[in-house]
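Presented below is the structure to which this report refers.
Every number here is computed from the coordinates shown, using simple stated rules; none is lab data. The structure displayed is predicted, hence computed values, not measured ones. Methodologically, a virtual Cβ is constructed for each residue, glycine included, from the backbone with ideal geometry; neighbour enumeration extends over all protein chains shown.
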Amino acid sequence: MARPAYPLTILEFQERFATEEACREYLFGCRWPDGFRCPRCGGDRAGEETGRHLWICTDCGRQTSVTAGTVMHRTRTPLRLWFWAAYLVATHHPGISAKQLQRQLGLSRYETAWLILQKLRRAMVAPERTPLKGEVEVDEFFLGGYEEGLRGSRQRGKKALCAVAVEVRGQGSGRLRLATLPDAAKPALTAFVRETTAKGAVVHTDGWKGYNGLPGAGYDHRSRSQSAAPPGSEPYLPRAHRAISNLKAWMHGTHRSVGDPHLQAYLDEFVFRHNRRRTPMAAFQTLLGLGAVHEPITYDRITGRAA
C-alpha cells in the first residue's frame, strides 16, 4: 500500500491538516502504509489507540506512538506546527531561517524554531539514496567571507572546505551531493567520490593532484587544468560551478552565517532542495516520511552538549 497522497495547494494543506488528529492519521499512514507493525517484534496486531495516542502491540505489549523514532520523537510542540514547518521548509524556494519560522508560526521562543529546523534538516538525507552515475562533475571550494592576507586560490584561512558532485544531464544538472572536507588531499577527495558516485562513472575534475587517486578507485577520471585552457574555450565544470554559486547566494541570502558544526546540515538542506526542485509539494511528504527512518536526535546532540 502506498503512503497517503500529499496536498497540492496551500489551501488543501490547511484543510487537510487542520487538527492534531488529522496529522496523527497522516503520520500513521506514512509510517505503516500496510498497517501497524511493531518495531520490537514485528507483530501486526494492536489494540485501539489509547488516550495518550499510543498503539500497544498485542503480541509483546510494546507501546509505540506515531512520532516515536521520528524527528518529532517526544516532542511537546503540536504536530500541526511541525507539519507547517515541514511544509514551509519543503516549499519555500529560497529556504527559511529560524527567525522567519518563528514569526510565521507565532512561536514565543526562537530556540523552538531553531530546533525544529535543525531536526528537519537532519531528516533530509535518505539512508537508501543511490549513488550518482553516468557522467559527474566534481570540484572543491571554500565557504566563507573575504579574508585579508590570503594568497592563492587554495589558501584556507578560516573558511570551510567543501566538495560538490553533480550529475551531467545534457546541458542541465542532475542530482547533487555536497559535503564538508577535512582537507583537499587525495584520501579525502577519493573518499568523497566513493561515498557519492557509483564506480565506473565518468568523473570530470580540474587538474588538482588530489584527484589522482580516482582511476585506482575504479573511476573513468577525466581532468583538465582550467588555467591552461585556451582563451575563449567553453567553461569547464559548469554544473559544479553553478551549484557552488547558487549555494553561496542561498547561504548569504537566507541564513547569513552558519557555524562549522552545523554546516553539513545546511549543505544537506541545499541538496534536498536542488534534487526536489521540480516537485516541492512531494518534498514535504518525503521530508516527513524520511523522518521515520532516522534515529531520533536530541537538542544536546545537535548543540554538542551530549556526553
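Numerical summary
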quantity	calculated
Karplus (6.51, -1.76, 1.60) ³J(HN,Hα), θ = phi - 60°, over the stretch 246-251, in Hz, Gly and Pro reported as x	5, 4, 5, 5, 5, 4
Computed FRET value (nearest 0.05) for K158 with V202, which takes r as the C-beta separation and R₀ as 25 Å	0.10
Label-point separation in nm, D183 to C60, each point 7 Å along Cα→Cβ	4.6
Intensity falloff of the stretch 28-184 expressed as log10 I(q)/I(0), Debye formula with alpha-carbon point scatterers, at q = 0.08, 0.09, 0.15 Å⁻¹	-0.42, -0.52, -1.05
The stretch 4-26-the stretch 79-119 distance, computed between alpha-carbon centres (Å)	17
Inter-label distance for H92 and R24, nm, one decimal - labels placed 7 Å from Cα along Cα-to-Cβ	2.8
Extension gain from L8 to N212, taking 0.36 nm per residue of separation minus the Cα-Cα distance	68.7 nm
Gain on full stretching of the segment that runs from K99 to R278 - 0.36 nm per residue minus C-alpha separation	61.8 nm
Cα Rg, Dmax (largest Cα-Cα span) when computed across the stretch 157-251, Å	13.5, 36
Table column - 3J(HN,Hα) (Hz), the stretch 161-176, Karplus curve with 6.51, -1.76, 1.60, x for Gly and Pro	8, 9, 10, 10, 9, 9, 6, 8, 10, x, 8, x, 10, x, 5, 10
Filter on K158/K199; K99/K133; K133/K159; K209/K248; K119/K159; K199/K248 - keep pairs with C-alpha separation over 27 Å	K158/K199; K99/K133; K133/K159; K199/K248
